Each structure stands twice: as C-alpha cells, then as structure tokens.
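A short reminder: the numbers here are calculations on the coordinates, not readings from a lab. Note that the structure is a prediction, hence the values are computed from the model and not measured. Neighbour counts run over all protein chains shown; Cβ positions are idealised from the backbone, glycine included.
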Amino acid sequence: LDEGSSTNLTNGGSEKLASMTLNSQVTPAMTDNAIDSPLGPLTAWTMPDGATGFNQRNTVISSNTLDYTLSRFVSGTSGTIDFFGSGINTTDQLANGTNLDLATMTFSGGSSSRMNIEYVATIGGAKWYRVWVTFTNNGGTLFIARETPSNTVGYASTGTMIEQSSIVSSYIPTTTNP
C-alpha cells in the first residue's frame with residue numbers, strides 16, 4: 001500500500017486493552033490474548049458475555065484542527081455495543097450514542113452516518129470487521145476505547161488505532177506511548 005507514513009497515537013498496548021490502565025472497566029473484566037484475530041494468533045481481547053458497565057481508555061490530542069481517523073477490529077455474535085461512547089469532546093461528540101449491532105454488523109443512532117465498517121476475514125469461525133470514523137480534531141480528550149455492552153455474546157476486539165490522517169491505513173501496533 002502506498003499510504004505515506006503514519007503513527008498510531010493510541011496510548012500503548014493497542015492489542016492488550018484488558019491489561020491497560022483504564023478509566024473504567026466492565027464487570028467481569030476482559031481477557032487479553034484470548035482469541036485469534038486478523039492481527040495474528042491470540043491477539044484479541046474478549047469481553048465476557050453479559051458484561052456490564054463500560055470500558056474507557058483516554059488519549060489526549062492537542063487542539064490542531066487536523067483530520068484524524070480512529071479504527072479498530074471487532075467481532076461478535078449478538079447484542080449491541082455503544083461504540084466509542086462519549087467521542088472526542090463536548091463540541092464534536094464523535095460517535096456518542098452510536099450502536100453497533102453485532103448480529104448484523106450495522107450501526108444505528110447517534111453518529112451512525114459517520115461510521116464505516118468493512119469485512120476483513122473469518123478466523124477460527126469468527127467474522128472480523130474493521131470499523132472506523134474520521135473527524136477533525138477540536139482538541140480535548142478522545143475516549144478511544146469507550147464501549148458499553150448490551151446483552152453481548154462473543155464480543156472481541158483488537159488493534160485500536162488513531163492516526164493523523166483523513167483515511168484509514170494499515171494497522172500499526174503500539175506497546176508504549178508514541
């Protein structure tokens with residue numbers, strides 16, 4: 001791919017959400033390195049079926065009015081995820097109240113018209129998709145890993161990525177802060 005250069009600005013550990021310091025976490029807790037994903041063997045974290053609460057991990061990007069793309073890989077069988085939750089800040093509300101239906105892999109409510117989804121592969125019987133949204137940064141805290149489950153079954157995710165770009169690029173792993 002001729003994508004130019006990009007950097008994953010996600011606060012370290014884009015594949016290991018469960019072991020990261022989170023602002024909030026579902027109950028019961030998630031499990032890292034639980035299943036295979038498009039990124040390789042045992043690279044996705046799973047959310048326990050019927051988990052309650054929400055996951056949230058924050059990344060702060062200084063105000064600069066540049067375009068950014070937020071993406072991740074997801075898989076699931078049923079239920080819904082309030083995807084990305086609060087969004088970027090109080091001005092933009094990136095994807096607030098946008099629900100991802102895991103059975104149909106479609107978005108509804110909130111900012112669903114801004115969301116994109118693409119089938120990637122079937123691995124170990126699980127269908128994997130990449131979801132993303134592009135936005136202009138107005139500054140503030142970006143809740144890149146906020147999701148609220150509702151009756152979820154088989155939900156897994158990996159590869160959270162935020163990059164300064166108006167298009168989604170190939171996945172760039174992180175293990176520490178950029």
Study note, to complete from the structure: Each label sits 7 Å from Cα toward the beta-carbon; between residue 5 and residue 136 the label points are separated, in nm, by 2.7 nm
Review point. Packing-wise, with mean Cβ within 10 Å as the measure, how do 118-128, 27-37, 152-162 rank, highest first?
Key: 152-162, 27-37, 118-128
Exercise for review: Calculate, in nm to one decimal, what residue 31 and residue 121 gain on full extension: separation in residues at 0.36 nm each, minus their alpha carbon distance.
Suggested key: 30.2 nm
